[in-house]
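The values are calculated or read from the model by the stated rules, or taken from the named source; none is laboratory data. What you see is a predicted model; the values in this text were computed from it and never measured. Here Cβ is always computed from backbone atoms with ideal geometry, including for glycine, and neighbour counts include all displayed protein chains.
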Amino acid sequence: MTSRISIARPQTHSYSPDPHGLSNSRPASGFRAADPDDPLEKLRAVARTVEENVDIYTQPLKPHLPAIGRFLIVVTFLEDALRIMTQWGDQLWYLQKHRKFPWGISHTFLLVNVIIMLVGSGAVITKRHTEYAVAGLLSVVIIQGFGYGLIFDLNFFLRNLSVIGGLLMVFSESMVSRKKLFAGLPSISETDRKKYFLLAGRILLIFLFLGFILQGSWSIARIFVSIVGLGACIMVAVGFKAKWSAAFLVFVLSVFNVFANNWWSVPSKHPQRDFLKYDFFQTLSIVGGLILLVHMGAGGLSVDEKKKTY
């Protein structure tokens with residue numbers, strides 16, 4: 001049988017699965033520009049290749065990104081609660097002498113803050129009653145701004161806007177597909193609300209980097225990082241290549257945080273140590289919000305989502 005088959009089929013011409021040359025000869029991985037002479041097309045091809053490689057090499061971390069993001073977002077509240085408990089006397093002295101809190105009111109103020117921060121942070125980490133936890137942590141951000149007299153401090157204001165953005169990302173991540181009906185009012189689906197919360201969270205997250213640009217001494221490296229980082233912030237805000245831009249900001253802010261807010265290198269009695277530690281953990285919280293953005297994407301109100309529809 002084999003000899004008959006070999007005799008029946010001529011061996012002079014090899015079989016071609018695509019005799020007309022219509023198939024794509026591109027290799028399985030990597031992208032080529034549609035027009036090799038167009039710089040913009042080359043840039044798009046490189047960007048798609050980078051995105052593909054990032055997706056491949058970060059695959060093992062993806063299941064753990066939500067938990068990492070939620071923990072980092074609330075780590076500043078955990079650190080703040082621990083600092084109040086370990087510096088209880090100093091906190092009372094500051095509130096009573098400088099902020100003119102009456103005796104008893106200062107104690108209640110600190111105790112309520114500690115309880116809300118601990119309970120709310122635990123609820124966010126365990127994903128239990130997230131709506132109430134986020135509302136409680138938001139109230140802590142606001143009342144501490146007024147209580148410590150920092151509400152009009154530009155750096156404090158920008159940083160806390162970013163922390164609020166991270167909390168909104170937590171709230172968006174916890175939403176499920178359900179509808180709530182209100183008498184006499186049109187219903188808004190949970191998916192629709194999630195789009196708006198994601199948009200607000202994206203915009204608020206970038207304010208920390210704006211604070212970094214506005215303060216500090218300038219150098220060539222700082223100018224370069226500021227320009228590139230500002231571009232990534234704009235891309236995050238409008239939702240264009242949002243995952244890639246957020247991942248880039250996670251890297252930049254993490255490196256900046258280690259070198260600029262290195263509180264561990266300052267002596268324990270130095271007054272600057274607490275300020276550096278506060279900035280360090282707040283930056284970690286904003287990094288956590290960006291990690292959630294990398295996990296969830298930009299949402300419905302974004303350039304990325306509009307491109308999918310076309």
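For (1) of a type outside the set (Ser, Thr, Tyr); (2) without any contact (Cβ under 8 Å) to a residue 40 or more places away in the chain, each residue gets a yes or a no:
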{"residue": "251", "(1), (2)": "yes, yes"}
{"residue": "258", "(1), (2)": "yes, yes"}
{"residue": "263", "(1), (2)": "yes, yes"}
{"residue": "268", "(1), (2)": "no, yes"}
{"residue": "272", "(1), (2)": "yes, yes"}
{"residue": "275", "(1), (2)": "yes, yes"}
{"residue": "281", "(1), (2)": "yes, no"}
{"residue": "287", "(1), (2)": "yes, no"}
{"residue": "295", "(1), (2)": "yes, no"}
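Out of 168, 198, 208, one residue alone is at pLDDT 85 or above and part of a helix (DSSP H, G or I). It is 168. Of everything listed in (1) at pLDDT below 85; (2) farther than 25 Å from residue 124 by Cβ; (3) not in a helix (DSSP H, G or I), the single unmet condition for residue 299 is (2). Considering (1) closer than 21 Å to residue 170 by Cβ; (2) of a type in the set (A, V, I, L, M); (3) surrounded by fewer than 19 Cβ atoms within 10 Å (Cβ to Cβ), the lone condition that residue 291 does not fulfil carries the number (3).
Given the structure, is residue 237 of a type in the set (A, V, I, L, M), under 12 Å from the mean Cα position of the chain (by Cα), under 20 Å from residue 210 (Cβ atoms) and not in a helix (DSSP H, G or I)?
Judged against the criteria, residue 237 is not a match.
Within the stretch 260-270, restricting attention to residues that are part of a helix (DSSP H, G or I) and modelled with pLDDT of 85 or more, the residue that is farthest from residue 165 (Cα to Cα) is 265.
Number of residues in the stretch 230-276 that are farther than 30 Å from residue 90 by Cα and among the hydroxyl-bearing types (Ser, Thr, Tyr): the value is 2.
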